[in-house]
Amino acid sequence: MILIGLTGNIASGKSEVARMLADRGATIIDADVLAREAVRPETQALRDIVKRWGKDVLQQDGSLDREALRQIVFADQNELDALNRIVHPGVTRMRDREVALAKERGDPIVVCVIPLLFERNLVDEFDAIILVDAPRPVRLERLVTTRGLEETEAMNMIAAQMPAELKRARADHCIDNNGSLDDLERDVDALWSSLQRNAVDKVSTIRAMGTDLRPMESQVSVS
């Protein structure tokens, strides 16, 4: 199994790339999906959120009002850091569990979608890092027109993340998502071929190491 980290700043298109990779056979573990699970009603994380920000961040059914909380935390970096401290431990536990299950199944290519991969210093946990990027004006337009956010809120969300320029130098693969879906499909095709080659190379290396180790293991058992 090769373990890939997929990241990108908000509205870069990483979810679309993840969907395309899933269509090609990758196992996807999405931190945003896990984060929703981590703050479901009756969880300790949700209780901690309410303790800090009050019941105004809850909907009538007791679930988290993500929009209300987003308006608070993306206006103040300290508040965003506090939210991350509450939510991330649970997300990490669930991700580790899903990775272990994928390994048990023998899934060849597992992609973990993590928006804050660089910010949380998780690079060394993966065999390779994919960065999806798009120009800042394009991402701002997507947030406003596609997600219906106010421009000020969208700008706050963009500003809260590490600039993509700092991430590109540390990524193994960069996908520039500023064209059509057909362009993106072609780029993902090329990426998928590369990942498959890497998976085959890793299996070959492991098998070669196993062959090299067998005589030593036999000698130890005899002595």
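General observations
- Our estimate of slack between Gln77 and Arg197, defined as 0.36 nm per intervening residue step minus the Cα-Cα distance, is 39.1 nm.
- Most to least packed among 117-130, 42-55 [average Cβ atoms within 10 Å]: 117-130, 42-55
- Taking all C-alpha pairs of the range 120-176, those more than 16 Å from each other amount to 51 percent.
- Under the Karplus curve 6.51 cos²θ - 1.76 cosθ + 1.60, θ = phi - 60°, whole-Hz ³J(HN,Hα) for the range 49-61, x wherever Gly or Pro sits: 5, 5, 4, 7, 10, x, 6, 5, 8, 10, 7, 4, 7
- Note on Arg170: accessible area is roughly 120 Å² with a 1.4 Å probe, heavy atoms of protein only.
- Measuring nothing but how far apart in sequence close Cα pairs (under 8 Å, 6+ apart) lie, relative to its length, the chain scores a relative contact order of 35 percent.
- Extent of the range 66-112 along its three principal axes (Cα atoms, max minus min coordinate, largest first): 43, 16, 15 Å.
- Probing with 1.4 Å while keeping every protein chain in the model, the per residue accessible area of the range 82-137 equals 48 Å².
- Pairs from the list Lys14/Lys103; Lys51/Lys167; Lys55/Lys103; Lys55/Lys167 with a Cα-Cα gap above 32 Å: Lys51/Lys167; Lys55/Lys103; Lys55/Lys167.
- Where labels lie 7 Å past Cα in the beta-carbon direction, separation of Glu150 and Asp107 in nm: 3.9
- Dimensions (Å) - the range 106-202, Cα atoms, principal axes, largest first: 47, 32, 25
- Accessible surface of Thr146 - all protein chains present, 1.4 Å probe, nearest 10 Å²: 110
- Projected onto its three principal axes, the C-alpha set of the chain covers 68, 42, 29 Å, listed from the longest axis down.
- Heavy-atom accessible area, probed at 1.4 angstrom with all protein chains present, ranks Met1, Met209, Met157 as Met209, Met1, Met157, highest first.
- Residue-averaged 222 nm ellipticity for the chain, from DSSP H runs of 4+ at -39500 (n - 2.57), nearest 500: -19000 deg cm²/dmol
- Vicinal HN-Hα couplings computed from phi for the range 166-174 (Karplus, 6.51 cos²θ - 1.76 cosθ + 1.60; Hz; Gly/Pro x): 6, 7, 4, 5, 9, 8, 7, 9, 10
- Solvent-accessible area, 1.4 Å probe, carbon plus sulfur percent, for the chain: 49
- For the set Glu67, Glu98, solvent exposure ranked by accessible area (probe 1.4 Å, protein chains only) runs largest to smallest as Glu67, Glu98.
- Ser193 exposes around 50 Å² of accessible area when a 1.4 Å probe is run over every protein chain in place.
- Over all directions, the projected convex hull of the C-alpha atoms in the range 1-84 averages 7.1 nm² in area.
The values are calculated or read from the model by the stated rules, or taken from the named source; none is laboratory data. Computed from a predicted structure; not experimentally measured. Note that each Cβ is placed from the backbone with ideal geometry, even for glycine, and that neighbours are counted across all protein chains shown. Just so you know, the surface numbers come from the protein's heavy atoms only, side chains and all, with ligands and any DNA or RNA stripped out. Shrake-Rupley method; radii C 1.70, N 1.55, O 1.52, S 1.80 Å.
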